[in-house]
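One structure below.
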Amino acid sequence: MIDKTNCDKANIDKTGVDKAGIDKTGFESYLAGKFGEASLLSLTPLGEGAHGTGYLALVDTPAGVRKYVVKEIGHREDLGHLYPSDRAAVFLLAFDEYGNLPRHVRPVDVLSQHGDGSLHSVSGGVEYYLVMELAEGVNYFSDLHSMGNATGLDAADARKIDVLARYLSEIHAVKIDSKAHYYRKLRDTIGHGECIMGVFDSYPEGTISFGEMAGVEKKCIDWRAKLKPRYERLSEIHGDFHPGNILFTGPEDFVLLDRSRGPWGDTADDVTALAINYVFFSIIYHGTVEKAYFEGLNLLFRRYVELTGDEEILKVTAPFFAFRGVVVANPKFYPDVTPYQRAMIFRFINNVLDSESFDPAGVNEYLK
């Protein structure tokens, strides 16, 4: 049996970083559950490589002493391993595929370590499920549709925009110092399967040409180089602040759904996720950005800058607007968008990408 006085409990901070490594006591408890009368004889480091650290585990089981290798990725700020879910994905894929290749070492299990140091098996799943509380309310799409028949922004709509801008200003006030998280958000915005490249890959063939897609992607890569020095903008974000994820339960009260793709990024990610809808819906209803939509777009940016002092946001919106534009132009998500309307959306995307900063008051210039 091991000396439990030398075992450190896992120490998980706000970013999900495991600071202590594998918990030996927790590992021994796991072994007892898996093998019955089993004990951990030793757990010694084998070495560290680019993708993690390996440990040799000697385990005394009813069938005799067995040798296993335990691998951990640990918290690394590179190679896409920032979040615990990233590390889980690496090991779950390894578990599924190691045994399918002739002569490859066989996997045994995938373990998750909890904050109390306990270890639990998560291997072998074909699907995984998230259970959450029920949220009820009216999503913000309803308000956006109502604006289509309005001659201007009424007081109730203006108040909701103010409430949403204020909420974003509050969560965006939470900062951490991490180039890696900022670079990750820029990289994901372009290359993630749920973002620009992935959404383009889901377009029905013939919607737009592959060359047009590549043109947007190339411009966004150039924007990534422009924004990387601005990593101090890193803030807490929602990550998918679009109307379907905003449920109003009263004139000023709302609940949010589906926070996505990590808790840290540029504030422009959230602001553009909402702002693109004033452009999109106005194109659908009016063919230009006007009336309530024009006023709503300008109010959102004006109030956000007033509340945060973040005038720089207008200089960093381009790739985030591009992502949101690619989403609303996707026939799978919005099948009623006409080719003419889609062409207007892509003119908006490309003209914003070609501009040094975004001017909400001159939004219609981006449609030309």
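Annotation note: Cβ proximity below 6 Å between a residue of region 123-137 that is without any contact (Cβ under 8 Å) to a residue 60 or more places away in the chain and a residue that is part of a loop (DSSP other than H, G, I, E, B) (sequence gap 6+ or interchain) occurs for Ser123/Asp109; Ser123/Val110. Tallying residues that are more than 23 Å from the chain's Cα centre (by Cα) and either part of a helix (DSSP H, G or I) or acidic (Asp, Glu) (or both) within region 310-368 yields 25.
Can you tell me which of Ala155, Ala150 is without any contact (Cβ under 8 Å) to a residue 60 or more places away in the chain and under 17 Å from Ala292 (Cα atoms)?
Numbers: Ala150 fails: without any contact (Cβ under 8 Å) to a residue 60 or more places away in the chain.
None of the other options fit; the residue is Ala155.
Check region 207-217 and report whether any residue there is in contact (Cβ under 8 Å) with a residue 60 or more places away in the chain and either assigned to a strand (DSSP E or B) or closer than 21 Å to Asp310 by Cβ (or both).
Start the filter on region 207-217 by keeping residues that are in contact (Cβ under 8 Å) with a residue 60 or more places away in the chain, which leaves 207-208, 212, 215-216.
Right, trim to either assigned to a strand (DSSP E or B) or closer than 21 Å to Asp310 by Cβ (or both) and you get none.
No, the conditions are met nowhere in region 207-217.
Taking Tyr203, is it assigned to a loop (DSSP other than H, G, I, E, B), surrounded by 14 or more Cβ atoms within 10 Å (Cβ to Cβ) and over 16 Å from the mean Cα position of the chain (by Cα)? Yes: the conditions hold for Tyr203. Quick check on Arg230: is it assigned to a helix (DSSP H, G or I) and under 26 Å from Glu77 (Cα atoms)? Considered against the rule, which asks whether it is assigned to a helix (DSSP H, G or I) and under 26 Å from Glu77 (Cα atoms), Arg230 comes out as yes. Considering region 120-136 alone, what residues qualify as being part of a loop (DSSP other than H, G, I, E, B) and either on the phi > 0 side of the Ramachandran plot or surrounded by 10 or more Cβ atoms within 10 Å (Cβ to Cβ) (or both)? Scanning region 120-136 gives Val122, Ser123, Gly124, Gly125, Ala135. When region 305-356 is filtered for residues that are more than 15 Å from Ser282 (Cα to Cα), surrounded by 15 or more Cβ atoms within 10 Å (Cβ to Cβ) and among the aromatic types (Phe, Trp, Tyr), the ones remaining, listed by number, are Phe320, Phe321, Phe323.
If I filter region 175-192 for residues that are free of Cβ contacts under 8 Å to residues at least 12 places away in the same chain, assigned by TED's automatic domain parsing to the domain that holds Arg259, surrounded by fewer than 17 Cβ atoms within 10 Å (Cβ to Cβ) and in a helix (DSSP H, G or I), do I get at least one hit?
Filtering region 175-192 for residues free of Cβ contacts under 8 Å to residues at least 12 places away in the same chain gives 191.
Narrowing the set further to residues that are assigned by TED's automatic domain parsing to the domain that holds Arg259 leaves 191.
Now restrict to residues that are surrounded by fewer than 17 Cβ atoms within 10 Å (Cβ to Cβ): 191.
If we keep only those that are in a helix (DSSP H, G or I) as well, we get 191.
Yes, there is a match, as at least one residue in region 175-192 is free of Cβ contacts under 8 Å to residues at least 12 places away in the same chain, assigned by TED's automatic domain parsing to the domain that holds Arg259, surrounded by fewer than 17 Cβ atoms within 10 Å (Cβ to Cβ) and in a helix (DSSP H, G or I).
In this structure, does Leu92 turn out to be outside the structural domain of Tyr183 (by TED's automatic domain parsing), within 22 Å of Gly125 (Cα to Cα) and not hydroxyl-bearing (Ser, Thr, Tyr)? Answer is yes for this residue.
Let's see how each residue does on (1) touching a strand residue (DSSP E or B) at 6+ places or on another chain (Cβ under 7 Å); (2) surrounded by 18 or more Cβ atoms within 10 Å (Cβ to Cβ):
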{"position": "Gly211", "(1), (2)": "no, no"}
{"position": "Ala214", "(1), (2)": "no, no"}
{"position": "Leu234", "(1), (2)": "yes, yes"}
{"position": "Pro251", "(1), (2)": "no, no"}
{"position": "Phe254", "(1), (2)": "yes, yes"}
{"position": "Thr267", "(1), (2)": "yes, yes"}
{"position": "Val271", "(1), (2)": "no, yes"}
{"position": "Asn277", "(1), (2)": "no, yes"}
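In region 63-89, the residue that is surrounded by the fewest Cβ atoms within 10 Å (Cβ to Cβ) out of those that are farther than 22 Å from Tyr182 by Cβ and β-branched (Val, Ile, Thr) is Val65.
Considered as a group, the residues in region 146-174 that are β-branched (Val, Ile, Thr) and in a loop (DSSP other than H, G, I, E, B) include one that is surrounded by the fewest Cβ atoms within 10 Å (Cβ to Cβ), and that residue is Thr151.
Checked against the criterion of being at pLDDT 90 or above and surrounded by 16 or more Cβ atoms within 10 Å (Cβ to Cβ), the candidates Asp60, Asp23 yield just one match: Asp60.
The values are calculated or read from the model by the stated rules, or taken from the named source; none is laboratory data. For clarity, every value in this text was computed on a predicted model and none was experimentally measured. No Cβ is skipped: glycine too gets one built from the backbone with ideal geometry, and neighbour counts run over all protein chains shown.
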